[in-house]
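Working notes, structure below.
The values are calculated or read from the model by the stated rules, or taken from the named source; none is laboratory data. Note that the structure is predicted; figures quoted are calculated from it, not measured. Every residue, glycine as well, gets a Cβ built from its backbone with ideal geometry; the counts of neighbours run over all protein chains shown. Each accessible area value is taken on the protein alone, full model and side chains, heavy atoms only, with ligands, DNA and RNA left out. Shrake-Rupley method; radii C 1.70, N 1.55, O 1.52, S 1.80 Å.
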Amino acid sequence: MKFAIYGSLGIAEHAINSLHPNHPITVVVDDPPRVGEKIGSLIVHPAEALLEGGWDKIIIATMDFPGAVKKVYSLGFKPEDICTDVFWDPFFLQYEPTTRCNFNCRYCTRQNLPAERRNSHLGFDTFTRVLDQFPTLKRLQLQGLGEPLLNPDLLPMLKAAKKRNISTSITTNAALLNENTTAPLLPFIDKLVISIDAVQEELFEQMRRGGKWSVVDNNIRTLLNRNPKANVTFNCVIGTENISQLEDVINYCLDTGPSELHVQLAENWLIPSQ
């Protein structure tokens, strides 16, 4: 069979590695700005390259499956043109290192967790036992409803993942990001995600109860000044309280210089009637 792959480069590469060598792939497609890059000997083309035709199936290789399908349909393809078989092993895992937190954010559902999950750490033995069940893992995201830096086993977890060449990220509120905590961790973190939902002191401390903006701001600036090559991403969750402040967040990013800014809408998981 002849396949075309549409999606993000990281997942496309995993799909390519999982395909039998006798299944030719003549094109890998992605949206700009990745067009022109290569995965092995395959050149990344714009989505319109799918119109060259001749494919037995189009493989969707992206975390945004619905969005990719919509794009493929807009080019005139039909459901039967898309490969729906799952033929690769799991390569991404999001794992919650703790449900404890030093903040009590107004919109967080942590306190609604069942008693057996509330305020508990993931143990290193459990972590490695679960990790061993995913031998094909390539990406690990240590993130959940708690603050990962509170888990005393975080560094051994990161070292275990690095030993297996797994690309690992953690998400933090940055309140504990001082030199003592970051220096040992950074060599084992491929991406450090910092949650920033507001940069004005009053609004920040209203939303992120228990946090001090002056502390967070100082920690972020110190981290980026001392580690200019670190892969640091700011993540901003937008809701009714802070949507008018998005421009301030963008300006803060331009001032401090993270690698990326991600903006996403708030999700309601466990809070009734909100």
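Values as computed for the structure displayed
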{"read-out": "Residue count, the stretch 47-69 (criterion: part of a loop (DSSP other than H, G, I, E, B) and either among the polar types (S, T, N, Q) or buried (at least 17 other Cβ atoms within 10 Å of the Cβ) (or both))", "value": "2"}
{"read-out": "Subset of the stretch 30-46 that is in a strand (DSSP E or B) and modelled with pLDDT of 85 or more - its residue that is surrounded by the fewest Cβ atoms within 10 Å (Cβ to Cβ)", "value": "43"}
{"read-out": "Within the stretch 70-90, tally of residues that are under 30 Å from residue 132 (Cα atoms), surrounded by fewer than 17 Cβ atoms within 10 Å (Cβ to Cβ) and not hydroxyl-bearing (Ser, Thr, Tyr)", "value": "6"}
{"read-out": "Test for residue 145: is it among the aliphatic types (A, V, I, L, M), in contact (Cβ under 8 Å) with a residue 60 or more places away in the chain, farther than 27 Å from residue 12 by Cα and not in a helix (DSSP H, G or I)", "value": "no"}
{"read-out": "Condition check for residue 85: acidic (Asp, Glu), outside any helix (DSSP H, G or I) and touching a residue at least 24 places away in the same chain (Cβ under 8 Å)", "value": "no"}
{"read-out": "Residue 168 vs. criteria assigned to a loop (DSSP other than H, G, I, E, B), closer than 27 Å to residue 16 by Cβ and among the β-branched types (Val, Ile, Thr)", "value": "no"}
{"read-out": "Residue 109 of a type in the set (Val, Ile, Thr), farther than 20 Å from residue 134 by Cα, open to solvent by less than 80 Å² (accessible area, probe 1.4 Å) and modelled with pLDDT of 95 or more", "value": "no"}
{"read-out": "Condition met for residue 140 (part of a loop (DSSP other than H, G, I, E, B), touching a residue at least 12 places away in the same chain (Cβ under 8 Å), surrounded by 15 or more Cβ atoms within 10 Å (Cβ to Cβ) and in contact with a helix residue (DSSP H, G or I) (Cβ under 7 Å, 6 or more places away or on another chain))", "value": "no"}
{"read-out": "Condition check for residue 1: surrounded by fewer than 19 Cβ atoms within 10 Å (Cβ to Cβ) and under 19 Å from residue 139 (Cβ atoms)", "value": "no"}
{"read-out": "Which numbered condition residue 206 fails, given (1) over 19 Å from residue 102 (Cα atoms); (2) of a type outside the set (Val, Ile, Thr); (3) open to solvent by 50 Å² or more (accessible area, probe 1.4 Å)", "value": "(1)"}
{"read-out": "Odd one out for residue 115, checked against (1) surrounded by 15 or more Cβ atoms within 10 Å (Cβ to Cβ); (2) not in a helix (DSSP H, G or I)", "value": "(1)"}
{"read-out": "Exclusive hit being surrounded by fewer than 13 Cβ atoms within 10 Å (Cβ to Cβ), closer than 30 Å to residue 114 by Cβ and either out of contact with any helix residue (DSSP H, G or I) (no Cβ under 8 Å at 6 or more places or on another chain) or not charged (D, E, K, R) (or both), set 265, 254", "value": "265"}
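Condition check ((1) in a loop (DSSP other than H, G, I, E, B); (2) among the charged types (D, E, K, R)) across all residues:
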site: 28; (1), (2): no, no
site: 71; (1), (2): no, yes
site: 80; (1), (2): no, yes
site: 89; (1), (2): yes, yes
site: 100; (1), (2): yes, yes
site: 103; (1), (2): yes, no
